[in-house]
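First up is the structure itself, then whatever we jot down about it.
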Amino acid sequence: MKIKFKALASLAVIAVSSLILGACSASGDSSGLEYMPDMYRSPAIEPYVDYGEIRGAENMSVKMKLSAMTPPNGTVPYYGTDSATVSLMLPYFRKPNIAFKTTHGLFGYDFSMQDEYTLAAADVNPLKLTAENSEAMFKKGKELYTAMCQHCHGEKGDGQGPMVASGAYAGVPNYTERAGKSDGQLFYSIYYGLNAMGGHASQLNKKEIWTLVHYVRKFQNASYGSFDANGLPAVAAAPVVADSTKK
């Protein structure tokens, strides 16, 4: 009886050892045998995980499929309880022109038959620039511009960024020559795109875009964002055109 027990115990030890060792891998990139793949690959935690390759098997039919679901149109993330911030971050009320569906590949939007870019001339930057916040505003603006715009528009906003200098792109506008465009039109252009430039709505939120608008103004007038001893701006706000469609 003891001999049988010892034999069974030995077999059990061998089986467990084989199972443990079999889960190991010589590859440093391998996590070993996945006993519970759902524990490793939670769609709630890893929305962009590659479900096309699991346990060494590749499924090309879902290779490019995201596990994250697209939020419903008009969904507003939670931005706290500050009414000004919440109001600022509400969905943009301007709609892309129907032509943008073809020219800029926009989908999932409500389109307009009107020239919304022209109408946007009436829109005012809701981020008010003051003597107290101007330094922080331009610091953030430079950070965003460097990351999202400089490669095409250039460090000085002259349209001579590295991508243009390399010959990869052409026709990038010189911001210093666009002083006549309103804040609203600059915002609309960044949000939805304009001409050859694609929209940045999926990469920048509204507050970040309005911050960029302030930063671009600095290219057009070096005194923009400067204030005198009384806290009065050295440069007047951008011109605003009345929009008869707004109530």
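The residues Met60, Met163, when put in order of fewest to most other Cβ atoms within 10 Å, stand as Met60, Met163.
All Cα-Cα distances of region 79-131, cut into 5 Å bins from zero to the largest, leave 4, 16, 20, 19, 16, 14, 9, 3, 1 percent in each bin in turn. Counting every other Cβ atom within 10 Å of each residue's Cβ, Glu208, Glu177, Glu132 order from fewest to most as Glu132, Glu177, Glu208. Model label sites at Val86 and Asp110, defined 7 Å from Cα along the beta-carbon direction, differ in position by 2.0 nm.
First check a/c for region 83-182, with a ≥ b ≥ c the square roots of the eigenvalues of its C-alpha gyration tensor; if it is under 1.5, answer rounded, and if not, answer prolate when a/b is larger than b/c or oblate otherwise.
Working: a/c = 1.86, a/b = 1.05, b/c = 1.77.
Because a/c hits 1.5 or more and a/b fails to exceed b/c, region 83-182 counts as oblate.
Provide the packing ranking of 81-89, 182-190, 142-150, 99-107, i.e. peptides ordered by the mean count of other C-beta atoms within 10 Å per residue, highest first.
On the way: 81-89: 10.9, 182-190: 22.9, 142-150: 16.4, 99-107: 13.3.
Going from most to least packed, we get 182-190, 142-150, 99-107, 81-89.
Legend: distances between Cα atoms for Lys95/Lys142; Lys95/Lys139; Lys101/Lys142; Lys142/Lys207; Lys128/Lys181; pairs beyond 22 Å are Lys95/Lys142; Lys95/Lys139; Lys101/Lys142.
Just so you know, all these numbers are worked out from the coordinates, no wet-lab data involved. Keep in mind the model is a prediction, meaning the values are calculated, not measured. For neighbour counting, all protein chains shown are included, and Cβ atoms are generated from backbone atoms with ideal geometry for every residue, glycine included.
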